[in-house]
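The values are calculated or read from the model by the stated rules, or taken from the named source; none is laboratory data. The structure displayed is predicted, hence computed values, not measured ones. All Cβ positions, glycine included, derive from the backbone under ideal geometry; neighbour counts span all protein chains shown. We work out accessible area using only protein heavy atoms, side chains counted, and drop any ligands, DNA or RNA first. Shrake-Rupley method; radii C 1.70, N 1.55, O 1.52, S 1.80 Å.
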Amino acid sequence: MAEENKVKLHGMWASPYVQRVEIALKIKGIPYEYVEEDLVNKSQLLLQYNPVHKKVPVLIHNGKSICESLVILEYIDETWKNGPPLLPQDPYKRAKVRFWTSFVEKELLENVLLVVRSEGEAQEKAIKVVFEKLKLLEEGLKDLFQGETHHIDGENMGILDIFLCSLFGAHKAQEEVLGVKFIDPEKFPLLSSWVTAFTEVAVVKALQPPHEKLVVVYQFLRQKALQPSAAEVEVKEGVYVRSLSRSHLPDTLI
Amino acid sequence: MEEVKLIGTWPSPFSYRVIWALKLKGIPYEYIEEDLSNKSPMLLQYNPLHKKIPVLVHGGKPICESAVILQYIEDVWPQNPLLPNDPHERAVARFWVQFAENKVPCIWRLFRTTGGEEQEKAKKESMEMLRALEEHGLRDKKFFGGDKIGIADIAFGQVAHWLEMIEDLVGVKLIEAHTFPHLHAWTKNFKQVPIIKENLPDYGEMLMYFKRARDNFLASRGPGM
């Protein structure tokens, strides 16, 4: 690939935000070079490419950086017009998709993270909020799909599918660590069938870290939030989590 | 062209984002002032999820969330574009709109403080946010959009007009010419753009409105905070 057209993605294997971008790149069939970042020891390149947030994902295309997963997805959709569109053509449908994507990001994700990072009464409260938001999303999906079955495969995943996937693709690990079933087919039939559908998509399956690794990640996030003074534990666990990198280490737990 | 309606409130910066976009593109619309203390059936019908303004109604179909509305307006009416042509520059503009959504709310957290640690924290966050705008967003450009205003300038409108009001009420000064030279100049230049100048809430009225709102909020919170 010519240097000018080269696509690079700076990411971290456990990051759902990075996963969003990888799903999009793979759906569109865009070849890219992946660069794993150590988020405790951020590379000079990352700091140069994302000076405002210093976070992953960062997409580099034609030597220029694009930051923030949603911005990257829109960029990908506008730049590579071959391959399935990530947003509908119709402006009103686009607005609805953007609205629900924003909802997933700001209202669902934030509250799921709150559940991960809290315990006792605070956690119970956060769980209640997540269920309320899921109910709203279930209603929203009915409106979005207008009674049609939304069939998902590698050919038609869009930004809302991708965002939901990055949040609830790990729902089984969330269930195990948090002891709460968010993706409940009885409470949320539409959402549950949707989540099942996109976790079966080949591209998503290939990118999803194994269940055991995800469990460790969620346990680590929880530990870090609930015992901030246990710095030694954090360092050890942090090292361990970082060591569980993508594919070139053996897939075993000690 | 199908009928365009905007449901908004006169003190809200989010309402103005939509007004500015519609006026910059020359789109005729009907403005409906909403009373948020007594929400209309129309608002509850058009925005059942959040029950908030602004709501754009185009041909009877509602669009909610100001950032979503701005993109919708750009998609439907491409004249006088709010986004640049170049894909990378578009991504940069969208990055700053997202930054406005995620980071600018800290000025409203500052608005709700009276002092102490809470105020110091909010002040620090606000200064960091402004520093990012000065050094990375604006740099030495006249506007975030370059020579003329674009979607990012519209998104940061709060910083140009409402922040001054917050500074007055809380008694802190954040943007000064010597600490944020480009941003300071931008607040003046932005408000000189004719469409913006003609479509801003009166400063005095706004100050009175938000002082009352702040007093009510602080009173309901109780003493000792």
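Looking only at region B:30-41, decide whether some residue is more than 14 Å from chain A (Cβ to nearest Cβ) and within 15 Å of the chain's Cα centre (by Cα).
Checked against the condition, which is being more than 14 Å from chain A (Cβ to nearest Cβ) and within 15 Å of the chain's Cα centre (by Cα), region B:30-41 yields no hits at all.
Just wondering, is there one or more residues in region A:90-101 that are part of a helix (DSSP H, G or I), open to solvent by 40 Å² or more (accessible area, probe 1.4 Å), acidic (Asp, Glu) and within 14 Å of another protein chain (Cβ to nearest Cβ)?
No; the residues of region A:90-101 include none that is part of a helix (DSSP H, G or I), open to solvent by 40 Å² or more (accessible area, probe 1.4 Å), acidic (Asp, Glu) and within 14 Å of another protein chain (Cβ to nearest Cβ).
Pull up region A:48-79, narrow it to residues that are open to solvent by 50 Å² or more (accessible area, probe 1.4 Å) and more than 21 Å from the chain's Cα centre (by Cα), then point me to the one that is farthest from the other protein chains (Cβ to nearest Cβ).
Among those that are open to solvent by 50 Å² or more (accessible area, probe 1.4 Å) and more than 21 Å from the chain's Cα centre (by Cα), it is A:Gln48.
Table: residues versus (1) within 14 Å of chain A (Cβ to nearest Cβ); (2) part of a helix (DSSP H, G or I).
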site: B:Ser15; (1), (2): no, yes
site: B:Ala21; (1), (2): yes, yes
site: B:Pro28; (1), (2): no, no
site: B:Leu43; (1), (2): no, yes
site: B:Pro48; (1), (2): yes, no
site: B:Lys51; (1), (2): yes, no
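Pairs please, first residue from region A:159-177 and touching a residue at least 12 places away in the same chain (Cβ under 8 Å), second anywhere and among the basic types (Lys, Arg) and assigned to a helix (DSSP H, G or I), Cβ atoms under 6 Å, 6+ apart in sequence or on different chains.
As it stands, the answer is A:Ile162/A:Arg20; A:Ser166/A:Arg20, since those pairs meet every condition given.
Can you name every residue in region A:123-146 that is basic (Lys, Arg) and either away from chain B (no Cβ under 12 Å) or closer than 21 Å to B:Ile63 by Cβ (or both)?
Let us first name the residues in region A:123-146 that are basic (Lys, Arg), namely A:125, A:128, A:133, A:135, A:142.
Across region A:123-146, the qualifying residues are A:Lys125, A:Lys128, A:Lys133, A:Lys142.
Do we have any residue at all in region B:153-169 that's within 14 Å of another protein chain (Cβ to nearest Cβ) and in a helix (DSSP H, G or I)?
Yes, the conditions are met somewhere in region B:153-169.
With respect to B:Leu83, determine if the residue is of a type outside the set (D, E, K, R), part of a loop (DSSP other than H, G, I, E, B) and facing chain A (nearest Cβ under 9 Å).
no
Every residue, every condition in (1) basic (Lys, Arg); (2) in a helix (DSSP H, G or I); (3) in contact (Cβ under 8 Å) with a residue 24 or more places away in the chain, yes or no:
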residue: A:Lys106; (1), (2), (3): yes, yes, no
residue: A:Asn111; (1), (2), (3): no, yes, no
residue: A:Ser118; (1), (2), (3): no, no, yes
residue: A:Glu121; (1), (2), (3): no, yes, no
residue: A:Glu124; (1), (2), (3): no, yes, no
residue: A:Val130; (1), (2), (3): no, yes, yes
residue: A:Leu136; (1), (2), (3): no, yes, yes
residue: A:Glu139; (1), (2), (3): no, yes, no
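How many residues are open to solvent by 40 Å² or more (accessible area, probe 1.4 Å) and in a helix (DSSP H, G or I) if we restrict to region B:214-225?
Of the residues in that region, 6 qualify.
Just the residues that are more than 9 Å from chain A (Cβ to nearest Cβ) and either among the aromatic types (Phe, Trp, Tyr) or out of contact with any strand residue (DSSP E or B) (no Cβ under 6 Å at 6 or more places or on another chain) (or both), please, taken from region B:60-72.
Hits for region B:60-72 are B:Gly60, B:Ser66, B:Leu70.
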